[in-house]
1. Output the peptides 144-150, 210-216 sorted from most to least packed, where packing is the average of other Cβ atoms within 10 Å over each peptide's residues.
2. Which order do the peptides 77-88, 235-246 come out in when sorted by mean C-beta neighbours inside 10 angstrom, highest first?
3. So in the range 234-331, what percent of DSSP beta bridges are antiparallel if you round to the nearest 5?
4. Under 16 Å from a label point 7 Å along Cα→Cβ of Glu197: give me every residue in the range 154-183 with its amide N that close.
5. What fraction of the DSSP beta bridges in the chain is antiparallel, stated in percent and rounded to the nearest 5?
6. Work out how much length Lys348 to Trp110 would gain on full extension: take 0.36 nm times their residue separation and subtract the Cα-Cα distance, in nm to one decimal.
7. For the pair Thr186 and Met373, how long in nm is the line joining their label points, each one 7 Å along Cα→Cβ?
8. In the range 21-152, what % of DSSP beta bridges are antiparallel (nearest 5)?
Amino acid sequence: MSKVATGQDIIKWFEEWSPKQLAFEGDPVGLHVGTLNKKVNKVMVTLDVLESVVDEAIENNVDLIIAHHPLLFKPLKQVSPDNEKGRIVQKLIKHDITVYAAHTNLDVAWGGVNDAMCEALGVNVKDVLIETQRERLYKVVVFVPQTHEDKVREALGNAGAGHIGNYSHCTFQTPGIGAFKPEEGTDPYIGTQGEIEKVDEVRMETIVPQSVLKTVLKAMEEAHPYEEVAYDVYPLELQGEKKGLGRMAELDEPMTLESFAERVKDVFDVPALRLVGDKKKTVKNVAVLGGDGNKYISAAKRKGADVFVTGDLYFHVAHDALGMGLNVIDPGHHVEKVMKKAVHDFLKGKFEQKQISTDIMISEAHTEPFQFM
């Protein structure tokens, strides 16, 4: 039977994909307004939290807004209906609507903003543009009775352990004899209080990324039959998956800068864009970074990009790009709107998997501040 998720459930699942520790230092990600300690009948995904978006949420009886751009990027000195931010906060509180923001963590996460942009552009991702971290890996070792080894292995793998390349549920195990004596006050699955019990067990070990370690341990304990689970956790010197901002990608076939710019314009549904470089020049290697990419033109050039797709390009930075021979296509900041479908599809899949009846919608409110003439 399906059930309604709580805000805590939804954000827990979301942060398995886009954990807050991926965010840049000082980035105000997470809960902005309201509480997650409530049932959520409807979620709305948006790029920005403007007053028009909040009005749309009220009209659609939304309980939780998940946004990419933080509502409270800077602390508020007052909450007053005389300004938009104040009216937004007042409306959110009055209608019990919670706001949660995933900003640079969703930029960095695989499958997040930059991957959604690459998918829309039809380019093949090869690497990150700027590496920000390598996820720490742990070795989890658990001692399991042979009768439950398959159940525990399945639980570990389903929770995110044992993923090596394109293989999942990877474990190694050795047989042995487990011995224990249940003391007074215990309720042992096997054995009798006060007597030594010996059980045929396996020592099962697997690799776990730090981002899912708590989830894996919880799943392991729930699948394990023993009242007290014996396990060890070891930090490893091995580095995990590379995480980073932006993407380096490649076109299937080379094309002119002009033709690729037309593709960018079309897939992101923008009426105009800014272009730096020779329109007749051939491009194949593409750097992609949603939002403000001014700091990263040199990185794109070093990585071998023929063209850099990003937003908010400054006049003098455009001169610098021209001087270093880097073509730049600036379709604006608002193209990050592709994140709405990515987040919607991820959470909808989670709801279906977990048989959750919570509804989810994509905001249709227009939040592009610019008009083109």
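1. On the way: 144-150: 16.1, 210-216: 17.7.
Top to bottom by mean Cβ count within 10 Å: 210-216, 144-150.
2. Working: 77-88: 12.4, 235-246: 15.3.
Ranking the peptides 77-88, 235-246 by packing returns 235-246, 77-88.
3. Numbers: 9 of 16 bridges.
If I count the DSSP bridges inside the range 234-331, around 55 percent turn out antiparallel.
4. 177-183, by backbone N distance to the label point.
5. Working: 47 of 67 bridges.
Roughly 70 percent of the beta bridges in the chain run antiparallel, per DSSP.
6. Details: separation 238, 0.36 × 238 = 85.68 nm, distance 1.76 nm.
Full extension from Lys348 to Trp110 adds 83.9 nm.
7. 8.1
8. Numbers: 3 of 11 bridges.
Percent antiparallel among DSSP bridges in the range 21-152 is about 25.
The values are calculated or read from the model by the stated rules, or taken from the named source; none is laboratory data. Note that the structure is a prediction, hence the values are computed from the model and not measured. Note that each Cβ is placed from the backbone with ideal geometry, even for glycine, and that neighbours are counted across all protein chains shown. For the accessible areas, the whole protein counts, side chains as well, though only heavy atoms, and no ligand, DNA or RNA atoms are used. Shrake-Rupley method; radii C 1.70, N 1.55, O 1.52, S 1.80 Å.
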